[in-house]
1. Please list, in chain and number order, the residues 5+ apart from A:Ala258 or on another chain whose amide H is under 5 Å from its amide H, with Hs placed from the backbone.
2. Grab the DSSP H runs of chain B that are 4 residues or longer, score each as -39,500 (n - 2.57), total them, divide by all residues and round the 222 nm result to the nearest 500 deg cm²/dmol.
3. Taking 20 °C and 1.002 mPa s as the conditions, I'd like the Stokes-Einstein D for region B:77-178 in µm²/s, using the Kirkwood hydrodynamic radius from alpha carbon pairs.
4. Distance from a point 7 Å along Cα→Cβ of A:Ile297 to each backbone N in region A:64-88: keep the residues under 20 Å and list them by number.
5. Under the classification rounded if a/c is under 1.5, otherwise prolate if a/b is larger than b/c and oblate if not, where does region A:116-241 fall, given a ≥ b ≥ c as square roots of the Cα gyration tensor eigenvalues?
6. Which whole-Hz ³J(HN,Hα) couplings does region A:167-176 yield from phi under the Karplus relation 6.51 cos²θ - 1.76 cosθ + 1.60, θ = phi - 60°, glycine and proline marked x?
7. For helix A:2-15, report the angle its Cα long axis makes with the longest principal axis of the Cα atoms of chain A; keep it between 0 and 90° and round to the nearest 10°.
8. In whole Hz, what ³J(HN,Hα) sequence does region A:94-103 give by Karplus (6.51, -1.76, 1.60; θ = phi - 60°), x for Gly and Pro?
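Read-outs: derived from the displayed coordinates by stated rules, not from any lab. All figures in this text were calculated on a predicted structure; none of them were measured in a lab. Backbone-built Cβ (ideal geometry, glycine too); neighbour counts: all protein chains shown.
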Amino acid sequence: MFFTLLKIELFKISKRPRTYIAFGALAVLIFLIQLALKANGDEFVGLLLSAQEDTFEIPRKEMLNGYFVCFFVLNMLLIHIPLLVALIAGDQISGEAGMGTLRFMIGKPISRTQIILAKYCASVIYIVLMLFWMAILGLFLSNILFGTSDLFIGRQFDVIVLEASDIMWRYLLAFLFATLGLSVIAALAIMFSVFSDNSIGPIVTATTVVIVCTIIQQLTVPLFENTITPWLFTTHMLGWKGFFYPETYQMVGENSGAVIKGSIENISAIYKSSAILFGYILLFLGIAIWQFRKKDILT
Amino acid sequence: MKILVVAILLLNLNLVNAQTDVEELVKKVKAKYEKVIDYEASGKMKTNVLFIKVPIANVKIYYKKPNKLKIKNENGVSFIPKGTINVNMNNVLSMKNYQVIEAGSEVIDGTPVTIVKILPEEDTEDVVLSKLYIDTKNLLVLKSITTTKENGTYEISMQYGEHSDYGLPKKVKFSFNAKGYKLPKGITFDYDNGAAKSDFDKAENKKGKVEITYSAYSINKGVKDEVFK
């Protein structure tokens, strides 16, 4: 029964025009980023290492490759994609309540919990498809347009270079982690959706929560850094990057300072982030189910 | 009074002899290094800079007289310190007009070395001062400290193997002054994975090190000018 319900939910999502807005928006954004980097990528890469140009020869051409472009795309878009997820998930219950189809649905011999879970699973499948689309355009198309080489990553205090043969598995895990991160947004939007009878409210509320959390996270104020920031879901949604932070040999020794191929600097931090994100999903879905089970559908 | 004059004259004579000795030594070393017209070599490059995390890279090293040197990572991304041109002693020894000053002796890894300072006489040279630690027996430079106008001071240690007849090392350790690196948090959106941050400003050792282990030298077989572009 659950799978039938899930199929129906997927069918409904596929019939909504707004579903394709996200795919279209992603295609346009990724194309614009690729175009910009193709035209002025040299300057951009140089900007990241401008302070080092006196000391090192900066291999701009090699640095600007498909893997770098994809990392740049993910870095930019995974902050904004929650808005696209909220657009679909925020409409799941409230949209049907607004149209009056919710009461027909609940009239069927299926539990309200199953309805929420089916809608959530449909949203997660939508996220998977969206990220797959991103991977095709951001990774594979970028690799064709820019070629492949080692991946350069600029962090606040250091730079990382990963060998070309040490990258694809990291992207695979990063996309899987991004799915988990965006699934939190889907759960959040569905939770707000249960409390509303129109689509706009939950979409805007979920989006606002994401924006506020992201701003708090970016504020380097000890008041937030030591209290709220470590527990924000937006903080842990960046966990996908953890797969690109490799371990290095100790600064003293034979291979001192060199990146260890196939390693992750701190895998336990990624486990912790995953656990926190799962916790948020359970919390948001729990609230959504609790509220939906006592929701009055007759008025 | 006579004794004092004689003593001063003898001392001067000794100094002149010592000066002639080091000039001769540098000439002999130079003659050895000048046997190399060009070379191409493969190598493994290890970079040890606090804020740079890179894998050990396979590089190609190209040299052509008088002072062209290029280190290339042909399959990936490597940050080559700009002063690596000085890893080749020919670049120091190829200066036309310079003064040689004896600066004592030392023992490096069990090998006695004579220390000489090389001061270019022309203002156009990028090298301001170079201190060479020369193995007088084998006529090889084991260590050099070179101060340049453009790229600061570099310390280079060399180990020699089968190509020591040409003065070409099997291993070069290159030490240089590194600058700090920092990007705004708002641009990087870093993930805090709990690992210690390598804040350069707070680091005690700010020296960068690069080590190149050479293999497969191809000497005096011709190197095209295009590789240096």
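1. A:Tyr249
2. Details: 3 runs with 41 residues, N = 229.
That calculation yields -5500 deg cm²/dmol at 222 nm.
3. Working: Rh = 14.1 Å.
Using the Kirkwood radius from Cα pairs, D works out to 152 µm²/s.
4. No residues fall inside that zone.
5. Working: a/c = 2.67, a/b = 1.34, b/c = 1.99.
Since a/c reaches 1.5 but b/c is at least a/b, the shape of region A:116-241 is classed as oblate.
6. Per-residue couplings from phi come out as 10, 4, 5, 5, 5, 4, 5, 5, 5, 5 Hz.
7. Taking the Cα atoms of chain A, the angle to A:2-15 is about 70 degrees.
8. Here the 3J(HN,Hα) series is 4, x, 6, 5, x, 7, x, 7, 5, 5 Hz.
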